[in-house]
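What follows is one structure encoded as structure tokens, with my remarks underneath.
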Amino acid sequence: MALLSEDEVTGRLRDSAWERDGDEIVREWKFDDFAAAMGFVNRVAEASEEANHHPDILLHGWNKVRLSLMTHSEGGLTENDFKMAARYDEL
């Protein structure tokens, strides 16, 4: 899968809760409690396994989850990263 251009990345991030962080896109969620945060992490894991595209997951502060996406094999952002971001947004 081809890397997206800077203009393509900027366009896809417009009106999005995701932000650019170097070669990745990132988003953080805050939940009511630890159990809800873990439930979200488990749903992310299931969706990621189905798509065979996995984010870096950080669970911190007992109720916050940060996801980071990039296509490691391509060394940057591809369409697949944005498809997965949209899928995680639906969880």
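Of all residues in the stretch 18-38, those satisfying the criterion of being outside any strand (DSSP E or B), closer than 16 Å to GLY61 by Cβ and not charged (D, E, K, R) are PHE31, PHE34, ALA35, ALA36, ALA37, MET38. Looking only at the stretch 42-52, how many residues end up being surrounded by fewer than 18 Cβ atoms within 10 Å (Cβ to Cβ) and either within 18 Å of GLU79 (Cβ to Cβ) or of a type in the set (A, V, I, L, M, F, W, C) (or both)? Residues flagged as surrounded by fewer than 18 Cβ atoms within 10 Å (Cβ to Cβ) and either within 18 Å of GLU79 (Cβ to Cβ) or of a type in the set (A, V, I, L, M, F, W, C) (or both) within the stretch 42-52 amount to 5. Residues of the stretch 39-66 being more than 24 Å from THR10 (Cβ to Cβ) and assigned to a strand (DSSP E or B), which ones? ILE57, LEU58, LEU59, HIS60, LYS64, VAL65 - these are the residues of the stretch 39-66 that are more than 24 Å from THR10 (Cβ to Cβ) and assigned to a strand (DSSP E or B).
Each residue in the stretch 1-16 was checked for being exposed (fewer than 13 other Cβ atoms within 10 Å of the Cβ), under 16 Å from the mean Cα position of the chain (by Cα) and outside any helix (DSSP H, G or I), and 2 of them qualify. In a residue-by-residue description of the stretch 53-74, the property of being over 10 Å from the mean Cα position of the chain (by Cα), at positive phi and of a type in the set (Phe, Trp, Tyr) applies to at least one position. Cβ-Cβ distances below 8 Å connect the following pairs, each with a first residue in the stretch 74-91 that is over 17 Å from GLY22 (Cα atoms), a second residue that is of a type in the set (Phe, Trp, Tyr) and at pLDDT 95 or above, and a separation of six or more residues or different chains: LEU91/PHE40. Restricting the stretch 75-90 to residues that are more than 11 Å from the chain's Cα centre (by Cα) and surrounded by fewer than 13 Cβ atoms within 10 Å (Cβ to Cβ) leaves a set whose member that is nearest to GLU8 (Cα to Cα) is GLY75.
The values are calculated or read from the model by the stated rules, or taken from the named source; none is laboratory data. Since the model is a prediction, treat every value here as computed from it, not as a measurement. Neighbour counts are summed over all protein chains in view; Cβ atoms, including those assigned to glycine, are modelled from backbone coordinates with ideal geometry.
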